[in-house]
Structure formats: C-alpha cells, structure tokens
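In what follows, a single structure is set out as structure tokens and then discussed.
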Amino acid sequence: MHADVARAEFMETLTGVGRRIRTAFNARVVAHGLTYARARTLFCLSRLGRLTQSELAAELELENATVVRLLDGMEKLHLISRLPVENDRRAKHVVLTKHGQAQADIVATIAAELRDEIIGDIATADLRGAAAVLRTLAKRLDPAS
C-alpha cells in the first residue's frame, strides 16, 4: 500500500506544481500585456524559428483552428507575420516580427527568472534525476516523444 500512496502523492504534487508554475508565469506575462497563449507562441517561435501553422499547432498541442485565431490576434498586434510556403499555396510560415522578437525576449527573461526562483537552489544531480523521471512519464503518455 505504501507504493500506491507514494504514487498518488507524486501525481497530485506534479499536477499541482504544474498549475502553480503556469499561474505564476501567466501573472508575469499579463503584466507585460501578453496572454499565456501568446507568450507560449512567442517563446516557441523564438526557440524553433520559422514554422508552418500546422507545425506550430502540433508544437503548442492546440487545434489548428485555435492556432489560426491566436495568430490572427498576434498579427494584428504586429507580433508575427505569415509568409507563403513555396510550392504550397495553402500553407503559411509563421515568423516573428522585430516587435515579436522583442516580446519573445521579455518572455524568455520571465521564464528564466521564474526558473531561477523555483529551482535555482536545487542540486543539479537532483534536477537531472527529476528530469529523467519526467521524461519517462512523457514517453509513457506519448511514445512518439
């Protein structure tokens, strides 16, 4: 029974920590005039570069229609541009504008500050062990990851 209690406690803690991290991150990006979804998109595009809308939807784990609405709003705010994909009239590449990159830099700073506050004093070996457990969980949830 002890193993079952430990497993339940781990999953409850993991879920709660994930929510708290998202809430803290959201509060900080909102203070800079962004939404959580826009901040995630900026961060993703800054990290991965030019993506098609479909690739971006997959990366963000959102439906294509949701991403289209998200990008429409971001385009109006001059955060992103959509460029045609050569040899595919239906597809569009999504790229950050200069303003979008500046906002992405703010998001990256917020993420780094939050990361330092939350885990900055935890031993590297402990972090590596925890990351290994989380990677195992991710593979069990999505064998393609």
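The values are calculated or read from the model by the stated rules, or taken from the named source; none is laboratory data. The model shown is predicted, which means the values in this text are computed figures rather than measured ones. FYI the Cβ positions are ideal-geometry reconstructions off the backbone, even for glycines, and counts take in every protein chain you see. The protein model used for the area step is the full one, side chains on, heavy atoms only, and it has no ligands, DNA or RNA in it. Shrake-Rupley method; radii C 1.70, N 1.55, O 1.52, S 1.80 Å.
In the list E113, E75, which residue meets the criterion of being of a type outside the set (G, A, S), modelled with pLDDT of 95 or more and over 30 Å from L127 (Cβ atoms)?
E75
Out of the residues in the stretch 44-89 that are surrounded by 11 or more Cβ atoms within 10 Å (Cβ to Cβ) and of a type in the set (S, T, N, Q), state the one that is nearest to Q103 (Cα to Cα).
Checked the stretch 44-89; the qualifying residue nearest to Q103 (Cα to Cα) is S46.
I'm checking my understanding of the structure. Among residues of the stretch 22-40 that are of a type in the set (A, V, I, L, M, F, W, C) and farther than 14 Å from I80 by Cβ, which one is nearest to the chain's Cα centre (by Cα)?
F25
If you check A125 against the conditions, is it farther than 23 Å from R20 by Cα, open to solvent by 70 Å² or more (accessible area, probe 1.4 Å) and part of a helix (DSSP H, G or I)?
Judged against the criteria, A125 is a match.
List pairs: first in the stretch 76-103 and on the phi > 0 side of the Ramachandran plot and in contact (Cβ under 8 Å) with a residue 12 or more places away in the chain, second assigned to a loop (DSSP other than H, G, I, E, B) and surrounded by 12 or more Cβ atoms within 10 Å (Cβ to Cβ), Cβ under 9 Å, 6+ apart or cross-chain?
Final answer for the pair search is H78/T97.
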